[in-house]
Amino acid sequence: MKRNIISLALAGTALVATSAYAEDATLIIESWRNDDLTLWQDKIIPAFEAEHPGIKVKFTPSAPAEYNAVLNSKLDAGSAGDLITCRPFDASLALFDAGHLADLGDMEAMGNFSDVAKSAWQTDDGSASFCVPMASVIHGFIYNKDAFAELGIEVPNTEAEFFAALDKIKEDGSYIPMAMGTNDQWEAATMGYNNIGPNYWKGEEGRLALINGEQKLTDPQWVAPYATLAKWGGYLGDGYEAQTYPDSQNLFTLGRAAVYPAGSWEISGFNALVDFEMGAFKPPVQNAGDTCYISDHTDIGIGMNTKTANPEAAKTFLSWVASPEFASIFGNALPGFFPLSKTPVDLEDPLAKEIVGWRGECESTIRSTYQILSRGTPNLENDTWGASVAAIKGTSTPEDLGAKLQNGLASWYAPQQ
């Protein structure tokens with residue numbers, strides 16, 4: 001009953017606020033997601049405008065590779081839209097520091113998101129939040145259910161079961177056990193190290209301890225994932241060293257590989273290409289019964305231009321973006337991009353539903369290198385790419401890799417000195 005009373009009160013407030021807008025109040029949204037133009041025009045904007053007849057919304061995306069430059073030029077010229085789609089961490093923090101993004105910390109709707117969800121769009125000390133979180137991507141493994149059934153393989157929960165499954169697939173010879181190459185490097189870190197790593201450094205506990213200088217990259221929990229990656233090379237198939245990201249996608253979708261280390265963003269593309277049933281399993285834990293941790297990586301948010309002529313209308317829209325209605329529309333139109341609000345969303349895509357269900361089973365974290373730790377030179381994120389490749393190829397020991405990364409980070413980051 002109390003929740004209903006609050007909801008009615010908020011609805012009443014929204015109606016009063018909406019009635020004050022001029023009929024021609026229009027909000028312009030800046031974004032790099034040009035692939036989503038139809039989604040916004042056909043689903044998201046009509047749903048919002050139906051509830052808020054005093055506010056019109058226009059979605060005006062730029063090409064992804066040009067977005068940062070185009071947006072900065074518009075902001076400097078005073079011609080940017082009212083609402084700014086936010087990339088995670090430093091790119092958006094720079095816009096806030098430059099006075100382009102408003103502090104949204106006093107918006108009640110921000111309470112709909114966890115601290116992890118908000119961390120991508122906050123100041124380092126967490127005192128200001130400048131974008132409403134929209135969606136994340138989750139890491140794990142997508143697998144060919146037909147291949148697993150054919151070979152009598154159960155979904156692995158522990159690392160021992162994981163490698164036993166890969167051994168069985170390799171021994172049979174009908175499938176490449178796992179589709180991932182090292183040519184492009186980033187997959188080794190993103191779908192390798194930062195996929196399995198949170199189970200070692202205990203997610204946010206370890207990530208924040210590294211930022212605070214309380215743990216080092218030479219500590220066992222940061223080195224051990226490289227030792228595990230060193231075992232992967234024998235399961236990736238002949239020529240994996242020259243295999244590109246699109247090559248790996250093709251090997252899996254053509255049914256030639258049984259397992260694909262994945263980000264959930266693959267779901268829509270894979271759905272359109274495969275002729276077999278897919279399943280997913282979360283990163284295996286070291287021992288049965290261990291707490292599991294997943295990389296539930298913050299990917300996209302939306303904030304308010306401080307120069308908007310319609311701040312109240314903009315905040316009304318941002319509050320709606322934090323609502324279950326928006327989350328349901330967005331999450332189902334783009335399976336694999338998961339809403340970040342605390343309210344569960346009933347997703348229709350079975351694979352997306354399976355993956356997002358891990359949030360209820362595991363602790364969520366984000367990629368260890370993305371917040372603060374890759375601002376200097378050498379860049380820790382980029383160096384982690386190379387280290388992950390070296391681990392898989394066996395060209396460096398896990399201990400040497402940890403030492404090199406730690407020395408690089410300590411060369412510019414004071415808490416690690």
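Brief remarks on what is shown
- Members of segment 197-250 found to be over 16 Å from Ile176 (Cα atoms), free of Cβ contacts under 8 Å to residues at least 60 places away in the same chain and small (Gly, Ala, Ser), listed by number: Ala209
- Looking only at segment 317-331, residues that are small (Gly, Ala, Ser) and open to solvent by less than 20 Å² (accessible area, probe 1.4 Å) come to 3 in all.
- Elements of type helices (runs of 4 or more DSSP H) in segment 187-267, at least 1 residues being under 22 Å from Ala135 (Cα atoms) and in contact with a Lys or Arg (Cβ under 9 Å, 6 or more places away or on another chain): 198-201, 204-211
- Only a single criterion out of (1) at pLDDT 95 or above; (2) open to solvent by 20 Å² or more (accessible area, probe 1.4 Å); (3) under 21 Å from the mean Cα position of the chain (by Cα) is not satisfied by Asp124, namely (1).
Conditions (1) in contact with a strand residue (DSSP E or B) (Cβ under 7 Å, 6 or more places away or on another chain); (2) open to solvent by 30 Å² or more (accessible area, probe 1.4 Å); (3) closer than 24 Å to Leu101 by Cα; (4) outside the structural domain of Asn157 (by the TED database), marked per residue:
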site	(1), (2), (3), (4)
Ala314	yes, no, yes, yes
Ala333	no, yes, no, yes
Pro344	no, yes, no, yes
Tyr370	no, yes, yes, no
Gly376	no, no, yes, no
Leu380	no, no, no, no
Asp383	no, yes, no, no
Ser388	no, no, no, no
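- Among the candidates Ala135, Ala91, the residue that is in contact (Cβ under 8 Å) with a residue 12 or more places away in the chain and exposed (fewer than 14 other Cβ atoms within 10 Å of the Cβ) is uniquely Ala91.
- Residue check for Val259: open to solvent by 20 Å² or more (accessible area, probe 1.4 Å) and touching a Pro at 6+ places or on another chain (Cβ under 8 Å): no
- Residues of segment 48-65 satisfying the condition of being under 16 Å from Ala313 (Cβ atoms) and outside any strand (DSSP E or B): Phe48, Glu49, Ala50, Glu51, His52, Pro53, Gly54
The values are calculated or read from the model by the stated rules, or taken from the named source; none is laboratory data. Computed from a predicted structure; not experimentally measured. Neighbour counts are summed over all protein chains in view; Cβ atoms, including those assigned to glycine, are modelled from backbone coordinates with ideal geometry. Accessible surface areas use protein heavy atoms only, side chains included; no ligands, DNA or RNA. Shrake-Rupley method; radii C 1.70, N 1.55, O 1.52, S 1.80 Å.
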